[in-house]
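The structure's right below; bear with me while I get my questions together.
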Amino acid sequence: MAEAGGQARPVKLSGEMLANNDDATAMLELFFGPTPNARKVTVLLAELDASYKLSWVDLAGGQQFSADFLAINPNGRIPALVDHDGPNAEALSVFESGAILFYLAEKFDRFLPTTDATSRQRTMQWLFWQMANQGPMLGQLNHFLFYAPMLDCPEGEALEYARTRYRKEYDRLLGVLDYQLAQTQYLAGDDYSIADMAVIPWLIAHPGVDGDLSPFVHVVRWYELVNARPGVRAGMDVGKQMWPADGQTATFSEEQKKVMFGQDSSVYRHVR
C-alpha cells in the first residue's frame, strides 16, 4: 500500500475498482478518471511516449474515498500516480496534477528546462498559474453551470447553496490536512518546507469553517507549531497596515467592486 504523499510500496486497489489497460507490466501506474486534470497527465505521457498502466477510478461510485486510494492520495481526487520504480528503486506515490507533471518532466528530463533558469522559471510560473487560476475557476464554473441545476437548487437559494458548497469543501480540505498531519510532523514529512509555507497563510486568514479549527486536532497541533515560527509571524505581518484590522471588513466603492469582482476578458483588450 502506498504511503500518503511519499514513499510507497506497490499498490493494488481492492475489488473491481480498476479497469487497467493492457500494459500491466509498466512501472508507471496512473489512477485516472475522464477529467481535464487527469488528461494533463495522459497528454504528457503521450508526448513522452511512455509506457504506463491506466487504472480507472469509479468517481461516481465514490471509490476515490476508499482506504486504499486515500493511501495513495489523501485528497481523494484523481489523477494520482504511482511510480513503482521511483527514486532509489523504491515505489513513490505522487498526487496533484501539477506535481505529477513536474515529477514526470524531471524523471524523463523533457518539457521542463534544466539549463536555462529563466525558461525554467517561466515554465513553472505558468504551471502554477494553471493550478491556482484556470483549473479551480473553470472547475467551479462547470459545477454551477452544469451540476448545480441537477441538484434542483431554486434560483432564490443559489447564493446560499454556493456558500454551503464552499463551506463543505473547505471542511473537506481541513479533513485532508488532518488526515495527513496525523501521520507527519509537517505537511510533507518530518521537515518544515515550502508546502507548509504555502498553506499556513490561508489557514491564518480563515481558521476553520466559521472560525473553528477545534474538530481537527492534528491541524491545530501543526497550526500552533508553524504559526509560532518567527519567520511566519514576520511574513504575515508584512503589509498589515494596508488591510483592515482583525474583525473588521474591507469596504469598496462601486468602481472598486467592478474592478475586484466584475472582471472578464475585456480587461485585456486595451493591451492588444
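Taking the stated definitions as given, is residue 196 of a type in the set (D, E, K, R), surrounded by 14 or more Cβ atoms within 10 Å (Cβ to Cβ) and either at pLDDT below 90 or in contact with a strand residue (DSSP E or B) (Cβ under 8 Å, 6 or more places away or on another chain) (or both)?
Values: of a type in the set (D, E, K, R): yes; surrounded by 14 or more Cβ atoms within 10 Å (Cβ to Cβ): yes; either at pLDDT below 90 or in contact with a strand residue (DSSP E or B) (Cβ under 8 Å, 6 or more places away or on another chain) (or both): yes.
So residue 196 fits the description; yes.
Still on this model: Of all residues in the stretch 108-136, how many are part of a loop (DSSP other than H, G, I, E, B) and not β-branched (Val, Ile, Thr)? Even if it seems obvious, please write down each step before you answer.
Start the filter on the stretch 108-136 by keeping residues that are part of a loop (DSSP other than H, G, I, E, B), which leaves 109-116.
Subsequent filtering for residues that are not β-branched (Val, Ile, Thr) retains 109-113, 116.
Of the residues in the stretch 108-136, 6 are part of a loop (DSSP other than H, G, I, E, B) and not β-branched (Val, Ile, Thr).
Shifting gears a bit: Residues of the stretch 211-226 being part of a helix (DSSP H, G or I), open to solvent by 50 Å² or more (accessible area, probe 1.4 Å) and either out of contact with any helix residue (DSSP H, G or I) (no Cβ under 8 Å at 6 or more places or on another chain) or not charged (D, E, K, R) (or both), which ones?
Residues of the stretch 211-226 part of a helix (DSSP H, G or I): 211, 217-226.
Right, trim to open to solvent by 50 Å² or more (accessible area, probe 1.4 Å) and you get 211, 217-218, 221, 224-225.
Once the filter is applied, which keeps residues that are part of a helix (DSSP H, G or I), open to solvent by 50 Å² or more (accessible area, probe 1.4 Å) and either out of contact with any helix residue (DSSP H, G or I) (no Cβ under 8 Å at 6 or more places or on another chain) or not charged (D, E, K, R) (or both), the stretch 211-226 yields 211, 217, 218, 224, 225.
Do you know which residues across the stretch 187-203 are acidic (Asp, Glu) and part of a helix (DSSP H, G or I)? Steps first, please.
Initial filter on the stretch 187-203 (acidic (Asp, Glu)): 190-191, 196.
196 - this is the single residue of the stretch 187-203 that is acidic (Asp, Glu) and part of a helix (DSSP H, G or I).
Okay, moving on. If we scan the stretch 39-49, do we find a residue that is open to solvent by 20 Å² or more (accessible area, probe 1.4 Å), over 23 Å from residue 176 (Cα atoms) and not in a helix (DSSP H, G or I)?
Yes, there is a match, as at least one residue in the stretch 39-49 is open to solvent by 20 Å² or more (accessible area, probe 1.4 Å), over 23 Å from residue 176 (Cα atoms) and not in a helix (DSSP H, G or I).
Still on this structure, I have one more. Might you check whether a residue that is free of Cβ contacts under 8 Å to residues at least 60 places away in the same chain and within 24 Å of residue 207 (Cβ to Cβ) occurs anywhere in the stretch 87-97?
yes
Would you check which residues across the stretch 55-73 are touching a residue at least 40 places away in the same chain (Cβ under 8 Å) and either open to solvent by 10 Å² or more (accessible area, probe 1.4 Å) or among the hydrophobic types (A, V, I, L, M, F, W, C) (or both) and list them? Full working, then the answer.
Pass one, the stretch 55-73, residues touching a residue at least 40 places away in the same chain (Cβ under 8 Å): 55, 57-58, 63, 66, 68-73.
Within the stretch 55-73, 57, 58, 63, 66, 68, 69, 70, 71, 72 meet the criteria.
Quick check: anything in the stretch 160-173 more than 18 Å from the chain's Cα centre (by Cα), open to solvent by 30 Å² or more (accessible area, probe 1.4 Å) and not hydroxyl-bearing (Ser, Thr, Tyr)?
Let us first name the residues in the stretch 160-173 that are more than 18 Å from the chain's Cα centre (by Cα), namely 160-164.
With the extra rule that they be open to solvent by 30 Å² or more (accessible area, probe 1.4 Å), the set shrinks to 160-161, 163-164.
Going one step further and asking which of them are not hydroxyl-bearing (Ser, Thr, Tyr), we end up with 160, 163.
Looking for residues that are more than 18 Å from the chain's Cα centre (by Cα), open to solvent by 30 Å² or more (accessible area, probe 1.4 Å) and not hydroxyl-bearing (Ser, Thr, Tyr), one finds at least one in the stretch 160-173, hence yes.
The values are calculated or read from the model by the stated rules, or taken from the named source; none is laboratory data. Only a predicted model underlies this, so the values are computations on that prediction, with no experimental measurement involved. Ideal geometry is used to build each Cβ from the backbone, glycine not excepted, and the neighbour counts take in all protein chains shown. These area figures cover heavy atoms from the full protein model, side chains too; ligands, DNA and RNA do not enter into them. Shrake-Rupley method; radii C 1.70, N 1.55, O 1.52, S 1.80 Å.
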